[in-house]
Structures are given as C-alpha cells and as structure tokens.
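First the structure, in the form of structure tokens, and then the observations on it.
The values are calculated or read from the model by the stated rules, or taken from the named source; none is laboratory data. No experiment lies behind these values; they were computed from the predicted model shown. Here the Cβ is made from the backbone with ideal geometry for all residues, glycine too, and neighbour counts use every protein chain on show. Please note that ligands, DNA and RNA were not included when accessible areas were found on the heavy atoms of the full protein model with its side chains. Shrake-Rupley method; radii C 1.70, N 1.55, O 1.52, S 1.80 Å.
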Amino acid sequence: MCDKDFYPTLSSRENSTNGPVKYFEGLFIENAKYVLAFMEEQLVGFSIFFHDYYEELIAQYTPCNYVKVACVHPSYRGLGIATMLNNFIENQLPTDLVLPYIVRRTWSSNIPQLKVLEKFGYKLIHKFDNDRGDNISTVYFAKFIENSINLNIG
C-alpha cells in the first residue's frame, strides 16, 4: 500500500510480479525492531528500525537506531499516526533500545518528509547529489537523543 510513497517506488527496485518482496525480506534482520500502530485491531501503520546500526557513512552518528521504513495506511493518513510512530521511537523505547542518535534517509524531493524531519529537530548529515535522478538526491538526517545521555550504553 505504500509502494508508490517511495522514490523510486519499492516495486521498481526489483523485477517481481509479487511486489517488493526482496526489499521487505531485507527488513527482517537480527537487529530489526518493529513499531506497529493499530486502530480497533487493524494494522494502520508501521515503522521498522535497525537497532545499534553501523555504516561507515554515518559513523560519527553511531551508535544509532536507523529508521529504515515507515508506512501509514492511506485511509488513516492525517490522523497523526506517523507522528505517534516517530514519537515512540524518539521518546518511548525501552531503556535497552535507546541510543544517542536516530538516523533516517529519504530523498530530496520528499518535501512532506523533509518538513517533518525539520519539525522534529533532525539535521542534514549527508547528501548524495542526483543519485536518484536529475535533481533528486538521497539525503541522510540525524537527531541526537537527549535522554540517552544518562543511560549506560555499551
């Protein structure tokens, strides 16, 4: 349902009549954590993040929780579900999952997402110019999590 919310679309990243199967299979790794939103027993949104994620490109923002994907059912958008998912990851994780940074990736023409990231205090940390097409760049954002200071991380 969220396939076309991404650029390029998730389904266009693999040649499959069943949709972006490999993409979603790649989300089920050992350190993946899932945040689910339900309304009256119906799944209406989810976010998946990789806990204690490391990648050389973002090394100075690690250890981090790397938000890989978020999706809200189209019929339930505009109700603050994405904000609730973000808030949970930023402020309500169990203590053993809280890390100093949250890192997210999107594309430069994704204006609604860029506004949300700015609203929640994320800072641009890296940009791959035009790697998704003309004038469409991959952008990485990070946010320092204040309540991680008092935790014993290691």
Filter pass, Val98 being modelled with pLDDT under 85, open to solvent by less than 60 Å² (accessible area, probe 1.4 Å) and β-branched (Val, Ile, Thr): no
Members of the stretch 46-69 found to be part of a strand (DSSP E or B) and either touching a Phe, Trp or Tyr at 6+ places or on another chain (Cβ under 7 Å) or exposed (fewer than 13 other Cβ atoms within 10 Å of the Cβ) (or both), listed by number: Phe46, Ile48, Phe49, Phe50, Tyr53, Cys64, Asn65, Tyr66, Val67, Lys68
Tally, over the stretch 17-45, of residues that are among the hydrophobic types (A, V, I, L, M, F, W, C), outside any strand (DSSP E or B) and open to solvent by 60 Å² or more (accessible area, probe 1.4 Å): 3
Residue in the stretch 82-95 that is within 18 Å of Met1 (Cα to Cα), out of contact with any Leu (no Cβ under 7 Å at 6 or more places or on another chain) and either of a type outside the set (A, V, I, L, M, F, W, C) or surrounded by fewer than 17 Cβ atoms within 10 Å (Cβ to Cβ) (or both) present: no
Selection count where residues are touching a strand residue (DSSP E or B) at 6+ places or on another chain (Cβ under 6 Å) and either more than 30 Å from Leu99 (Cα to Cα) or among the hydroxyl-bearing types (Ser, Thr, Tyr) (or both), scope the stretch 1-46: 2
The stretch 111-128 - residue that is of a type outside the set (A, V, I, L, M) and buried (at least 17 other Cβ atoms within 10 Å of the Cβ) and, of those, nearest to Ala70 (Cα to Cα): Gln113
